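A.B. asks: Quick one: the structure is below, questions incoming.
Where a number appears in this text, it was derived from the coordinates with a stated rule and is not lab data. All of these numbers come straight from a predicted model, not from anything done at the bench. Every residue, glycine among them, receives a Cβ derived from its backbone with ideal geometry; neighbour counts consider all protein chains shown.
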Number of protein chains: 2
Amino acid sequence: MQNMRLALRERPTGLLTDEHFDRIEEELSPLADGQARVRVVYVSLDPAMRGWVSPSTDSYVPPVPLGDTMRSLGIGVVEESKTDAYKAGDWVSGFTGWTRYLDVAPGQLNVVPQTVPMEAYMGVFGLAGATAYHGLVKTGEPKAGQTLCVTGAAGSVGSLVGQIGKALGLRVIGIAGTDEKCKWLVDDLGFDAALNYKTDDLEKGLREFAPEGLDLHFENVGGKPFAAALNNMKAFGRMVFCGFISVYNGERADEYPDLTALIRKRLTFKGFVMTDHFDEYPEIFAELGKLMQAGKLKYRLDIVDGLETAPAAFGKLFDGTNKGKLVVKVSDL
Amino acid sequence: MQNMRLALRERPTGLLTDEHFDRIEEELSPLADGQARVRVVYVSLDPAMRGWVSPSTDSYVPPVPLGDTMRSLGIGVVEESKTDAYKAGDWVSGFTGWTRYLDVAPGQLNVVPQTVPMEAYMGVFGLAGATAYHGLVKTGEPKAGQTLCVTGAAGSVGSLVGQIGKALGLRVIGIAGTDEKCKWLVDDLGFDAALNYKTDDLEKGLREFAPEGLDLHFENVGGKPFAAALNNMKAFGRMVFCGFISVYNGERADEYPDLTALIRKRLTFKGFVMTDHFDEYPEIFAELGKLMQAGKLKYRLDIVDGLETAPAAFGKLFDGTNKGKLVVKVSDL
């Protein structure tokens, strides 16, 4: 039985590309007792993965060792099992990595219900949904009637942050990178307004949307959108930091943030990492399930085909060309 | 009866200097009924005053109007009173402004006990002491055994932050701008260590002092010392923002802070302004009084002579040449 996987050959200093990976074709050994063999269906491409291949020992997870299969979240189907923990046909989700097949021990991946489309586990009921809910609700502590801004608003996390915000009674403005995305946010997702950071005057747009300032801001991007939001915060406002996608590839942010606003406006900044809060997943997914059933959460996937395309597709997260949650289809369900 | 006061002529774009003020010599009218006449003894020079003369409407206090006496904290003696609220000989503290005399209505200045030297009201029992205590204890929420870093450590606020920290059982490192200041922090104030940001490798020094990272940081300065502290924070650490003296005169900070640490290390940033918390003054000064009596708080004043020297002396706050709380002696007690 043939497998293919992508192993980290060298650490990128800028963008992650094909040349940083070795494509390994290998014959799989027969399945060992106590394990199950999983055929991967989707792997998730997330901005945080850029941090996982950095040499820094300072990140929240250890770097992927050189020569190892690239770490990623994913979902697949159990093909064969020699453990009571899994049975053939189970859907299993977790850190699959960039591989077509993997053998797992009990507890290594989670069996998930087949009551929603498998794709939902890559978005709403996956890391993106948990991150959006935890960051907005637990870290941001929003109150109905408040004004929320979210950057990376058309991304997998940002689009859910805005919709959860609307469901909680907030006024929501999103910042995204194309007119098409802005239109989607307002027309399809119900955001109150959206700004295109490439063409709109963000400072002016935010001031017009929230003349008294933003109560809450959810940061996914950094750079100019962050600086503009910072300049438009209301006194005693809160800024939640989920990501700085604009600087993950080693660039400096293109706008120096005026951090004196922290003091002038008595702001609170809070950074969080969702992997600290796995214990909240059941509660969060129950809440997201209710919102989903009420028709308050929409999502879209940007599916690229074939594991070998993963490194090139990863770049879409940083040039903003992905439309919705970016996943790689590794095999047919 | 002759008065002299300094009125704001124009708003500075950079440093505040003599040329931004008109020196007004004037004859005082007889004291009105219901008022008291105060002879100012000391006025306080504080970095925040730079913000008070900026045109920004975004600051936490309205800007000093052009033509008005420069706003400042100060302390003086009641010379004559036509109100029951004050009697001749009372010490009165509050916003006196840059003037030799002022007439005040009841409630405009606070009568303070003459049980400590008058100078103490310019430091420990003034805005600096309240700011240090509120910022460290209420905003920072320190726990005994934790590691604290403070920038502007030899300044009026920073020197008290470090000493309060030591009294609470913290390990304390200070960052200051001269070897003399660093020696004073360690030898006289009991800081565990001090770094000179002009000559020491801050990153290395902080790493050596706190190999596991800083639990708590108190920021007065911004720029390089802030960036170095940010890079050396422990996961889930807290950074308290009191001042950004390095950028108050319109400069950009000389070091771009790596704000991705907010997320990687799940940090909390909190900015505060002491004028929001006047209600805490009695409680804070009671606590500071206990520490003072226990010999745990030392302070030093840098006294310059004569109100007319105030604008030039103000610059000492920004070039780091003041040694201790900077005050202007306006008249003899």
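A.B. asks: Taking H as built 1.01 Å from N, whose amide H comes closer than 5 Å to the amide H of A:Asp90, not counting residues under 5 places away?
C.D. replies: Those qualifying (amide H under 5 Å, at least 5 residues apart or on another chain) are A:Val78.
A.B. asks: Tally Lys and Arg at +1 and Asp and Glu at -1 over the other residues with C-beta under 14 Å from the C-beta of A:Met1: what net charge comes out?
C.D. replies: Residues near A:Met1 contribute -2 overall.
A.B. asks: What is the angle, in °, between the Cα long axis of helix B:281-293 and the longest principal axis of the Cα atoms in chain B? Nearest 10 is fine, range 0 to 90.
C.D. replies: Tilt relative to chain B: about 70 degrees.
A.B. asks: Take the alpha carbon gyration tensor of the stretch B:127-275, find the square roots of its eigenvalues, order them as a ≥ b ≥ c, and report rounded if a/c is under 1.5; if not, report prolate when a/b exceeds b/c, else oblate.
C.D. replies: Judged from the Cα gyration tensor, the stretch B:127-275 comes out rounded (a/c under 1.5).
A.B. asks: Moving on to the next point. If each residue's Cβ is checked for other Cβ atoms within 10 Å, how do B:Leu148, A:Leu230 rank with the fewest at the top?
C.D. replies: Least to most surrounded, the residues fall as A:Leu230, B:Leu148.
A.B. asks: Find the chain B residue whose Cβ sits closest to the rotation axis that carries B onto A, and give that distance in whole Å.
C.D. replies: With distances in whole Å, chain B gives B:Phe269, 2.
A.B. asks: With +1 on each Lys and Arg Cβ and -1 on each Asp and Glu Cβ, how big is the dipole of the stretch B:216-333 about its Cα centre, in debye rounded to the nearest 20?
C.D. replies: Dipole magnitude for the stretch B:216-333 comes out near 680 debye.
A.B. asks: In nm, what does the list of distances from B:Met118 to its counterparts in the other copies look like, shortest first, when each label sits 7 Å along Cα to Cβ?
C.D. replies: B:Met118 label point versus its equivalents elsewhere: 8.3 nm.
A.B. asks: With Cβ to Cβ distances under 13 Å as the rule, what net charge do the other residues near A:Leu297 carry (K, R +1; D, E -1)?
C.D. replies: Summing Lys and Arg as +1 and Asp and Glu as -1 gives +4.
A.B. asks: Say a label goes 7 Å from Cα toward Cβ at B:Met1 in every copy; what distances in nm does this one have to the rest, shortest first?
C.D. replies: Result for B:Met1, in nm, nearest copy first: 9.8.
A.B. asks: Only Cα pairs under 8 Å and at least 6 apart count here; give the relative contact order of chain B as a rounded whole percent.
C.D. replies: It comes to 18 percent, rounded to a whole number.
A.B. asks: Please compute the net charge surrounding A:Glu26, taking Lys and Arg as +1 and Asp and Glu as -1 over other residues with Cβ under 12 Å from its Cβ.
C.D. replies: Spelling it out: positives minus negatives among the neighbours equals 0.
A.B. asks: Continuing with this model, one more query. Evaluate the charge dipole of the stretch A:127-275 about its Cα centre and quote only its size in Debye, nearest 20, assuming +1 on the Cβ of each Lys and Arg and -1 on the Cβ of each Asp and Glu.
C.D. replies: It works out to roughly 540 debye.
A.B. asks: From the square roots a ≥ b ≥ c of the eigenvalues of the alpha-carbon gyration tensor of the protein assembly as shown, which class results: rounded (a/c under 1.5), prolate (a/b over b/c), or oblate?
C.D. replies: prolate
A.B. asks: Over the stretch B:54-192, calculate the relative contact order: mean separation of alpha carbon pairs under 8 Å at least 6 apart, over the residue count, as a percent.
C.D. replies: Value for the stretch B:54-192: 14 percent.
A.B. asks: Then there is this: Calculate one ³J(HN,Hα) per residue across the stretch B:87-95 by plugging θ = phi - 60° into the Karplus curve 6.51 cos²θ - 1.76 cosθ + 1.60, and present them in order as whole Hz with x for glycine and proline.
C.D. replies: Once rounded to whole Hz, the list reads 10, 3, x, 4, 8, 10, 10, x, 7.
A.B. asks: Measure nothing but the geometry: give the 0 to 90° angle between the long axis through the Cα atoms of A:156-167 and the longest principal axis through the Cα atoms of chain A, rounded to 10°.
C.D. replies: 50 degrees
A.B. asks: Another question, then. Magnitude of the Cβ-charge dipole of the protein assembly as shown, K/R +1 and D/E -1, about the Cα centre, nearest 20 debye?
C.D. replies: For this selection, approximately 700 debye.
A.B. asks: Same structure again: Would you please classify the overall shape of the stretch B:36-87 from the alpha carbon gyration tensor, given that a ≥ b ≥ c denote the square roots of the eigenvalues, rounded means a/c under 1.5, and beyond that prolate means a/b larger than b/c while oblate covers the rest?
C.D. replies: Prolate.
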